[in-house]
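The values are calculated or read from the model by the stated rules, or taken from the named source; none is laboratory data. As the structure is a prediction and not an experimental result, all values here were calculated from the model. For neighbour counting, all protein chains shown are included, and Cβ atoms are generated from backbone atoms with ideal geometry for every residue, glycine included. Accessible surface is based on the protein model in full, side chains and every heavy atom, while ligands, DNA and RNA are left aside. Shrake-Rupley method; radii C 1.70, N 1.55, O 1.52, S 1.80 Å.
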Amino acid sequence: MVKLTGKNQFSMLSPLYMAEISPPEVRGSLMALEQFSIVLGIVFGFWTGFITRSIPSSASWRIPLGIQLIPGAILALGCFFLPPSPRLLVLHGRYEDALASLARLRLRSSEEARHDPLLQLELLEMRVETALVQRALDDGVVDGNDQLQPWNLKSEHRAWRRLLQRKYRDRTWIGVLIMVFQQWSGINALLYYGPTIVQSIGLHGDTVPLLVSGGIGIVQFLAVIPAILFIDRIGRKPLLRSGSALMTASHVTIALLVSQTLLATTSVSNNAQVFQYHTDWSAHSTAAWAAVGGIYTFTAAYGVSFGPIGWVLPSEVFPLSMRSKGVALSTASNWFNNFLIGLVTPLIMEYSPAGTFMVFAIACALAYFWTTYFVPETANISLEEIDAVFASSAGREDAQLKQQIEEDLGLRSLVRELGAD
């Protein structure tokens, strides 16, 4: 339980910290790499366990457990050397400390930071963003020292309640549902219960199911690479649509192959022939490996679509003032549905392996129609264009408020000075 608590905290804080300290020009790429890093860890963890499983002693489980201590120790010790988040320091009004931290992150000395216009510009942008969130939530304006008012339960409740207002409601549903479909596509069911699911399609023994299950992680790892390279060029929506369509076809194919009765009616006669593959897979090895191919095809389709885009889309559909709350709610949706998948998958598998894949197929089919008719394209789209899609003025209101704050804090005057030079 202690380990799970730390893991869950780290899964929330690490992307947040990474986004807050990254330079603006590489922030998107670093966030897209998060999925890549997660899958890499899954692959390494699985194959470590696979290699040590045959050791005839308690070392078979002690070694994988001990290896986990290495990155944990590196992380624990490294935290002492990590600079504090400049944005967190700005949030608390500690602007000198924020500038010092920013200088350290951008490899500048303290003296250089005081005279570096780019660092001053980035710090002012952080102050603008913080003030924008505060004013947009009607929690009061910034005081003479540009510091935010203290947190209180009433203002926090009002901020969360805004997500359900009419002008934000469609965006909120997109953030929540992208995570629902991401989890109910079945990817974590395969990762959590891979050997059990593989055995349900007729591959028995110890080694073969484990090897096939390990291949799932490798396929997902390789599939994330083209997603990182082409996600901005192709766009989010085409990847989501093609990915959900291919995932649906894969699940349906697997369900038919592992079903108790697969009816194949010929055009010559109206008699139905019943192929009970699940009771005699050894005589139908081609069908068994076709099912494995379906699993790998699904995994590849997920890796280039809902895997990475599920984390990118929520940060793009919300206007700046509601982005942190919107992304937080989306993340909560992810973990809640992750919990449900882990809870119900063994029960459904025990009742019907074919039914399990049909449940995932239905979810993927619904995801296809949802992405087709309800999800906007956010690649290279301005706030004004996104507002038009949602028939909302939330983005324009933020833009107008941001312009005023930039004038108040002197950001625009600094930009004009830099332009003149």
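For segment 70-115, with every protein chain kept in place, what is the accessible area per residue (1.4 Å probe, Å²)?
Heavy-atom accessible area per residue stands at 67 Å².
Given the Cα-Cα distance of Q403 and E377 and 0.36 nm per residue of separation, how much length would full extension add, in nm?
Length difference between fully extended and current span is 6.8 nm.
Quick check: residue separation of F369 and R94 times 0.36 nm, minus the Cα distance between them. What number comes out in nm?
94.2 nm
Go ahead and run the numbers for FRET between S242 and R62, Cβ-Cβ distance against an R0 of 56 Å, rounding to 0.05.
The value I calculate is 0.80.
Contour minus end-to-end for D170 and S324, with contour as 0.36 nm per residue of separation and end-to-end as the Cα-Cα distance?
The D170-S324 span can extend by a further 53.8 nm.
Sticking with the crude label model, points 7 Å out along Cα→Cβ, report the distance from L77 to F230 in nm, one decimal please.
Each label point is offset 7 Å from its Cα along the Cβ direction, giving 4.2 nm.
Could you give the nm distance between label points at E111 and A332, where each point is 7 Å from its Cα heading toward the beta carbon?
Between E111 and A332, the label points sit 5.0 nm apart.
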